[in-house]
Number of protein chains: 2
Amino acid sequence: MKDSFWQEHLCYLGFRLTVPRKIVINILKETEKHLSAEDIYVKALKINPSIGLTSIYRTLLLFTKINVVQKHDFGEKKARYELINNPLKKEHHHHLICTRCKTVIDYADFMKEEVELMTKTENKLSKKYHFKIIYHTVHFYGLCVKCQKLA
Amino acid sequence: MKDSFWQEHLCYLGFRLTVPRKIVINILKETEKHLSAEDIYVKALKINPSIGLTSIYRTLLLFTKINVVQKHDFGEKKARYELINNPLKKEHHHHLICTRCKTVIDYADFMKEEVELMTKTENKLSKKYHFKIIYHTVHFYGLCVKCQKLA
DNA sequence: TTTCATATTGATAATGATTTTCATTATCAA
DNA sequence: TTGATAATGAAAATCATTATCAATATGAAA
């Protein structure tokens, strides 16, 4: 029954292993990009034309809640999704976002210093503002090589 | 004709000094909060009931383009706006965002180290990825004091 | 296996923020 | 004061996402 780590995880938490859920995981597993719900839907239709967009959204919502995918907001009106622990990707990374073509580059360079400082800052801020920090985001916005030439 | 620094700026760039634009600037000048378009619209109606929501959006778009306001995306479905160089606010700051009540706390503590590292990282990333970085965002998401108790 | 309670689905309608359209009005230089 | 046109407000259109709800698929129990 178990098809992969993620599906086992689903099962473990008491969720059913359904067709749309398997398809969404497989699509995310095989890309390095940050796909929107629509992107995923289009790919899913090619695998199983009877799948509904609603299910894609519901699946992504569920996966986000159980920490199987991460939902990103890169300043577009639509959200983008990324599988957590995707073997194609670096463990932990931050993002460079091209404001023109919306391409997202993952980077994990210099993360040690960055994350160290973030942790330090988090601790200080938590105390000062009595704020319980759950996660942080670091986004660099700008222009990718291509768009620098075009703009 | 000129009413303030911002209005002069508008004028200088060749834009007209209209009623909705003055109102939006004045509303933003007098708050420390990050207001949504709707928030601003409600306040604007009290000053001039004939103002349209469309104009609020148009004004905010213009102001964002000419760097008079900064548009923020804190993970809600609606955007929030903040006047750049607001005398009520710290020059440069990052944000703590409560994921439950959506309150945003500005902080400028420890910014020196943070900004230094960001700049260093930006330089390295620019070179490595040939990416022209325009700006960055650092958001800490979590629960504010109140919501920690309620959640 | 077959049955069954119910978790999950897909089609459709609804939502809510933001944009577009377009005819009317306000602004400012001449 | 006038006139070109920038800017407005009302209403309709978009677009991503959610809610509704009847139909279906899933997995445990018989």
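Cysteines in the protein assembly as shown lacking any other cysteine Cβ under 4.7 Å from their own Cβ: A:11, A:101, A:147, B:11, B:101, B:147. The convex hull built on the alpha-carbon positions of the range A:90-151 has an orientation-averaged projected area of 5.4 nm². Distance between the 7 Å Cα→Cβ label points at residue B:4 and residue A:91: 4.9 nm.
Restricting to chain B, compute how many DSSP beta bridges are antiparallel as a %, nearest 5. List each step's numbers first, then the result.
Numbers: 10 of 14 bridges.
Close to 70 percent.
In terms of other Cβ atoms within 10 Å, A:38, A:122 run from fewest to most in the order A:38, A:122.
Residue separation of residue B:112 and residue B:46 scaled by 0.36 nm, minus their Cα-Cα distance, works out to 19.7 nm of gained length. Directionally averaged projected area (chain B, Cα convex hull): 11.5 nm². Counting Lys and Arg as +1 and Asp and Glu as -1 over every other residue whose Cβ lies under 9 Å from the Cβ of residue B:72, the net charge comes to 0.
If neighbour count is taken as other Cβ atoms inside 10 Å, put A:100, B:21 in order from fewest to most. Walk me through the intermediate numbers first.
Details: A:100 14, B:21 20.
Result, fewest neighbours first: A:100, B:21.
Got a sec? Charge dipole of the range A:79-122, +1 on Cβ for Lys and Arg, -1 for Asp and Glu; which of A:86, A:99, A:118 is way out at the positive end? Toward the positive end, the furthest listed residue is A:99. Could you tell me whether the protein assembly as shown comes out rounded, prolate or oblate from its Cα gyration tensor? Rule is a ≥ b ≥ c as square roots of the eigenvalues, rounded for a/c under 1.5, then prolate if a/b exceeds b/c, otherwise oblate. The shape class here is prolate.
Quick one: dipole size for the protein assembly as shown, taken about the Cα centre, charges +1 on Lys/Arg Cβ and -1 on Asp/Glu Cβ, in debye to the nearest 20.
Numbers: 52 positive and 32 negative charges, 133 e Å.
So the magnitude is around 640 debye.
Evaluate 2.2 N^0.38 Å with N set to the residue count of the range B:71-116, then give the Cα radius of gyration divided by it. Could you put the intermediate results ahead of the total?
Values: Rg = 11.7 Å, N = 46, 2.2 N^0.38 = 9.4 Å.
Compactness ratio reported: 1.24.
Overall form of the range B:1-86: oblate. Here a/c, set by the Cα gyration tensor axes a ≥ b ≥ c, is 1.5 or more, and a/b is not larger than b/c. For the residue pairs B:78/B:124; A:29/A:128; B:22/B:132; A:132/B:89; A:132/B:22; A:149/B:120, the alpha carbons lie more than 31 Å apart in B:78/B:124; A:29/A:128; B:22/B:132; A:132/B:22.
Quote to one decimal, in nm, the extra length available between residue B:78 and residue B:145 on full extension: 0.36 nm per residue of separation minus the C-alpha distance between them.
Details: separation 67, 0.36 × 67 = 24.12 nm, distance 2.36 nm.
Using 0.36 nm per residue and subtracting the Cα-Cα distance, I get 21.8 nm.
Helix B:37-47 and the long axis of chain B differ in direction by around 30°, with both axes built from C-alpha atoms.
Every number in this text was worked out from the coordinates using simple rules, so none of it is lab data. This structure is a prediction, so every number in the text was calculated from the model and none was measured. When we count neighbours, we look across all protein chains shown, and the Cβ atoms used for this are built from the backbone with ideal geometry, even at glycine.
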